[in-house]
Each structure stands twice: as structure tokens, then as C-alpha cells.
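All remarks here apply to the structure that follows.
Every read-out reported here was derived from the displayed coordinates using simple, explicitly stated rules and does not represent laboratory data. Here the structure is a predicted model, which is why all the values come from computation and not from measurement. Every residue, glycine as well, gets a Cβ built from its backbone with ideal geometry; the counts of neighbours run over all protein chains shown.
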Amino acid sequence: MMIEVITFELPENMTQEEVLNNYKDTTPKWRSVSELIRKSYLYDEEARLGGGIYHWKTVEAADLWHGEEWRKSVEAIYGNKPVVKRFQVPIVADNEQSKTIEF
């Protein structure tokens with residue numbers, strides 16, 4: 001498994017309600033992606049940052065879904081390019097399942 005932590009600056013004139021509405025509008029798309037385990041949306045009003053944490057089954061899936069077209073769409077909506085950081089996930093302490101998962 002791998003995780004992407006993605007952030008982008010929010011436009012000064014974009015309200016929290018607008019950000020959350022943008023997020024809600026994208027949830028059907030991400031819920032239909034079988035290679036995506038989980039997406040958590042990020043919002044930091046004080047730092048004016050938005051973004052997401054994506055839990056992917058494979059790096060190839062992340063590459064497919066977060067290509068140039070996706071990057072351009074983020075820039076079109078938020079006015080700047082996303083910052084993408086990727087991490088391999090060797091171990092998860094999962095409290096919901098009451099177990100430790102090793103990859």
C-alpha cells in the first residue's frame with residue numbers, strides 16, 4: 001500500500017463552504033475508484049490549505065488517477081498546482097479492525 005499526501009493553496013476569496021462543496025462534489029468519483037482504499041479530505045482555514053490523503057493499493061493506480069489532467073483540474077479550481085508527496089506504508093495499526101496489518 002502507498003499513501004499520497006496532497007496539498008494545495010486555497011484562493012483567498014474561497015470560503016470554507018465553497019471548499020467543502022467542491023469536496024462533496026468529488027466524492028462520487030473517488031468512491032467509484034476500486035484501486036483507492038480511502039480518501040480523507042484536508043482543510044486548514046488558518047494556513048489556507050486544502051488537499052487530501054489517498055490510500056492506494058498500488059503506485060500504478062495513483063499514477064493513473066493523479067496524472068497531468070488531474071493536476072490541471074486542481075490548478076483550474078484552486079489557482080495553483082498541487083504538492084504531491086508519496087509514502088510507502090509497511091505497517092498499519094488499525095483500531096477499527098483491532099489488528100496490526102503488515103504489507
Residues satisfying the stated conditions in the stretch 1-41, i.e. part of a strand (DSSP E or B) and surrounded by fewer than 16 Cβ atoms within 10 Å (Cβ to Cβ): Val5, Ile37, Arg38, Ser40
Some residue of the stretch 63-78 being surrounded by 12 or more Cβ atoms within 10 Å (Cβ to Cβ), under 16 Å from Glu12 (Cα atoms) and basic (Lys, Arg): no
Any chance Ala61 is assigned to a helix (DSSP H, G or I) and within 16 Å of Asn22 (Cα to Cα): no
In the stretch 42-58, the residues that are in contact with an Asp or Glu (Cβ under 8 Å, 6 or more places away or on another chain), in a loop (DSSP other than H, G, I, E, B) and over 20 Å from Phe103 (Cβ atoms): Arg48
Boolean, Tyr54 is farther than 17 Å from Gly67 by Cα and either buried (at least 16 other Cβ atoms within 10 Å of the Cβ) or under 14 Å from the mean Cα position of the chain (by Cα) (or both): no
